[in-house]
Amino acid sequence: MEAVSLADWFKEVANWAFMVIAFPTLFAAWRTVSSNNIVRAVLYLVISLAGTAAMFLMLGAAFVAWTVVLVYIGAVIILFLIGIMITRAPLGVDSDLSHGRDVMLPAALLSIVLFAVTAWAVWDAFGMIMIQPFEPTSTADLANVLFDRFVIPFEVVSFVLLAALIGGITLARRDNTGAKR
Amino acid sequence: MSFLLELGIKVILMLAVVLTAALVTIYAELKAGSHMQTRIGPYYAGGKWGWAQPLADGAKFIQKEDLAPAKADRTVFGFAPYVVMMSTLAVFAVIPMGPDIVATNLDLGVYFILAISSLSVLGVLMAGWSSANKYSLIGGLRAAAQLIAYELPLVLAVVAVVVQAGTMSMNGIVEAQQATLFTIGGVEVALPYILSGQIIGFTIFMIAAVAELSRIPFDMPIAESELTMGYLTEYSGIRFTMFFLGEYASLVALSAIATTLYLGGYAVPFLPESMENFAGPGIFLIKVSFLVFLIIWIRWTWPRLREDQLQSMAWRWLIPLALFNIALISVFKVVL
């Protein structure tokens with residue numbers, strides 16, 4: 001593992017592809033929180049999620065990439081949009097969206113700390129080391145690991161979904177205890 | 001550079017094939033629909049049988065002014081047709097027309113199709129919201145609710161195929177259908193999945209596919225008598241053309257997926273493997289046009305479902321049936 005200089009880093013085509021994906025992703029992420037229209041904010045979130053999926057594709061993790069597209073963009077975002085449009089989705093500038101300083105400052109502080117921690121973790125682990133080319137993960141390998149070594153965590157995670165389902169039913173259930181209307 | 005050249009050739013070829021297929025499908029709908037209503041249909045354009053009618057319609061639409069409502073969100077309004085078109089066209093990247101006649105044989109073929117085609121809902125919601133029109137918004141919401149409801153049985157039906165084939169690659173699924181099922185008097189017989197256990201899955205897939213296309217009997221999102229044209233109300237000119245072409249391209253896309261998953265794709269029983277690259281595209285297109293005709297036939301002969309009937313059919317019948325189908329296929333897969 002040899003270290004690379006910054007000049008060499010810029011010579012690599014893959015790094016340019018990375019930047020072409022990374023900068024729009026960052027811009028869209030920033031617009032998601034700064035946009036003054038709620039539907040537009042969600043649509044910027046779509047762009048930043050698509051950028052994330054593209055990053056996973058670059059890392060050879062095709063299954064994760066298409067899961068991001070299917071689950072996050074295809075399901076979660078769509079439910080966001082339906083929820084917003086069913087209740088209130090004005091066109092143009094929505095002045096209610098911006099919060100005051102008392103909310104903005106802690107939020108900004110939290111995101112800076114989060115960014116610093118992840119950046120430090122990545123830098124500490126890899127630094128300027130060139131990562132050697134590797135085989136993309138095949139779906140079969142991923143499935144074997146998931147349903148063999150990590151089968152218990154996998155099942156435990158499904159309890160979260162079960163809890164969400166029960167919660168949903170409880171909220172949507174007609175209340176039969178009170179007087180009938 | 002050769003990579004970019006290859007990519008360019010593939011994209012241009014695919015666009016040519018898909019858009020021609022969409023135009024032919026529009027013509028078939030005009031003609032078949034007319035004959036089912038004892039009319040003649042398009043007759044003059046192009047000289048004979050009105051074959052140039054879709055081209056003439058297209059040329060007319062492109063000449064029209066590209067209007068957007070004054071209060072619309074123009075950026076979102078403009079991008080919506082591209083999102084719908086992109087999600088339809090990307091599907092064709094993994095559909096094989098022969099062992100080697102495929103843009104890219106992805107390891108995750110079916111999963112890619114499900115992921116990328118779920119993006120069309122996003123385009124529909126964008127179109128409905130940005131039009132600044134209540135018909136559009138209600139149409140967009142109805143369309144989204146319907147597409148989500150019918151995406152589940154579609155995905156679950158596909159899962160059963162993936163279980164039976166043991167692969168998610170589209171080429172792999174076609175090859176799995178060529179495996180010998182049984183032998184009669186020394187003749188090895190291989191059957192496509194529709195004849196070897198997936199008849200329930202195929203039925204669910206086709207019902208869900210017609211609903212995904214928002215065609216009669218599932219056309220509540222653009223119910224003309226109550227919503228004008230649903231999320232398409234404010235669209236005109238080239239953007240309307242894109243939605244219109246995209247709709248027929250996705251009709252072809254879903255028929256092509258069903259052909260690959262259930263009808264054996266480019267292969268037919270007893271065709272030698274050496275012939276498949278040569279005869280594959282023809283066989284594939286014949287099967288696809290049969291399914292396209294089936295969907296057109298349904299549109300012109302069935303009454304429309306009510307919104308609550310439509311939702312209850314998806315959630316109370318198709319999804320449980322699809323889950324039962326997965327259990328059945330899994331049991332057979334392990335036992336046999």
How do the pairs read when you match residues in the range B:293-309 that are of a type in the set (D, E, K, R) with residues anywhere that are in a helix (DSSP H, G or I), using Cβ under 6 Å and keeping only pairs 6 or more apart or on different chains? B:307/B:220
Those residues of the range B:234-274 which are surrounded by fewer than 22 Cβ atoms within 10 Å (Cβ to Cβ) and assigned to a loop (DSSP other than H, G, I, E, B), in sequence order: B:236, B:268, B:269, B:270, B:271, B:272
For the range B:302-312, give me each residue that is part of a helix (DSSP H, G or I) and touching a helix residue (DSSP H, G or I) at 6+ places or on another chain (Cβ under 8 Å). B:307, B:310, B:311
Taking only the range B:301-336 into account, find how many residues are surrounded by 14 or more Cβ atoms within 10 Å (Cβ to Cβ), more than 19 Å from residue B:212 (Cβ to Cβ) and of a type outside the set (A, V, I, L, M). 2
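Matching residues to (1) touching a helix residue (DSSP H, G or I) at 6+ places or on another chain (Cβ under 8 Å); (2) of a type outside the set (Val, Ile, Thr); (3) closer than 25 Å to residue B:139 by Cβ:
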site: A:68; (1), (2), (3): yes, no, no
site: A:80; (1), (2), (3): yes, yes, yes
site: A:83; (1), (2), (3): no, yes, yes
site: A:94; (1), (2), (3): yes, yes, yes
site: A:101; (1), (2), (3): no, yes, no
Would you confirm, using the coordinates I've provided, whether residue B:176 is more than 14 Å from chain A (Cβ to nearest Cβ) and under 30 Å from residue B:76 (Cα atoms)? no
Do we have any residue at all in the range A:97-109 that's outside the structural domain of residue A:30 (by TED's automatic domain parsing) and either among the acidic types (Asp, Glu) or in contact with a Leu (Cβ under 6 Å, 6 or more places away or on another chain) (or both)? no
Just to be sure, is residue A:72 within 14 Å of chain B (Cβ to nearest Cβ), over 22 Å from residue A:14 (Cβ atoms) and touching a Lys or Arg at 6+ places or on another chain (Cβ under 6 Å)? no
Which is over 18 Å from residue B:235 (Cα atoms) and among the small types (Gly, Ala, Ser), of B:127, B:132, B:160, B:143? B:160
The lone exception for residue A:118 - which of (1) closer than 30 Å to residue A:144 by Cβ; (2) assigned by TED's automatic domain parsing to the domain that holds residue A:32 it fails: (2)
For residue A:89, all conditions in the list (1) small (Gly, Ala, Ser); (2) in contact with a helix residue (DSSP H, G or I) (Cβ under 6 Å, 6 or more places away or on another chain); (3) more than 14 Å from chain B (Cβ to nearest Cβ) hold save one; what is the number of the exception? (3)
Looking only at the range A:36-49, and only at residues there that are in contact (Cβ under 8 Å) with a residue 24 or more places away in the chain and within 9 Å of chain B (Cβ to nearest Cβ), the one that is farthest from residue A:96 (Cα to Cα): A:46
Close pairs from the range B:95-122: first facing another protein chain (nearest Cβ under 7 Å), partner assigned to a loop (DSSP other than H, G, I, E, B), Cβ under 6 Å, at least 6 apart: B:107/B:169; B:108/B:168; B:111/B:168; B:112/B:106
Of the residues in the range A:81-107 that are over 25 Å from the mean Cα position of the chain (by Cα) and small (Gly, Ala, Ser), the one that is surrounded by the most Cβ atoms within 10 Å (Cβ to Cβ) is A:92
So how many residues does the range B:129-172 have that are at the interface with another protein chain (Cβ under 9 Å from one of its Cβ atoms), under 21 Å from the mean Cα position of the chain (by Cα) and of a type outside the set (A, V, I, L, M, F, W, C)? 2
Reported set for the range A:54-69 where residues are hydrophobic (A, V, I, L, M, F, W, C) and either farther than 20 Å from residue A:24 by Cβ or more than 7 Å from chain B (Cβ to nearest Cβ) (or both) is A:54, A:55, A:56, A:57, A:58, A:59, A:61, A:62, A:63, A:64, A:65, A:68
Six or more apart or on different chains, Cβ under 6 Å: which pairs go from a residue in the range B:5-20 that's closer than 20 Å to residue B:284 by Cβ to one that's in a helix (DSSP H, G or I) and not acidic (Asp, Glu)? Could you list them? B:14/B:92; B:18/B:92; B:18/B:249
Looking at the range B:45-59, can you tell me whether even one residue there is at the interface with another protein chain (Cβ under 10 Å from one of its Cβ atoms) and surrounded by fewer than 20 Cβ atoms within 10 Å (Cβ to Cβ)? no
With respect to residue A:139, determine if the residue is surrounded by fewer than 10 Cβ atoms within 10 Å (Cβ to Cβ) and within 14 Å of chain B (Cβ to nearest Cβ). no
Looking at this structure, is residue A:31 among the charged types (D, E, K, R) and surrounded by fewer than 17 Cβ atoms within 10 Å (Cβ to Cβ)? yes
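The values are calculated or read from the model by the stated rules, or taken from the named source; none is laboratory data. The model shown is predicted, which means the values in this text are computed figures rather than measured ones. Because the Cβ atoms are built from the backbone with ideal geometry, glycine has one as well, and the counts that use them run over all protein chains shown.
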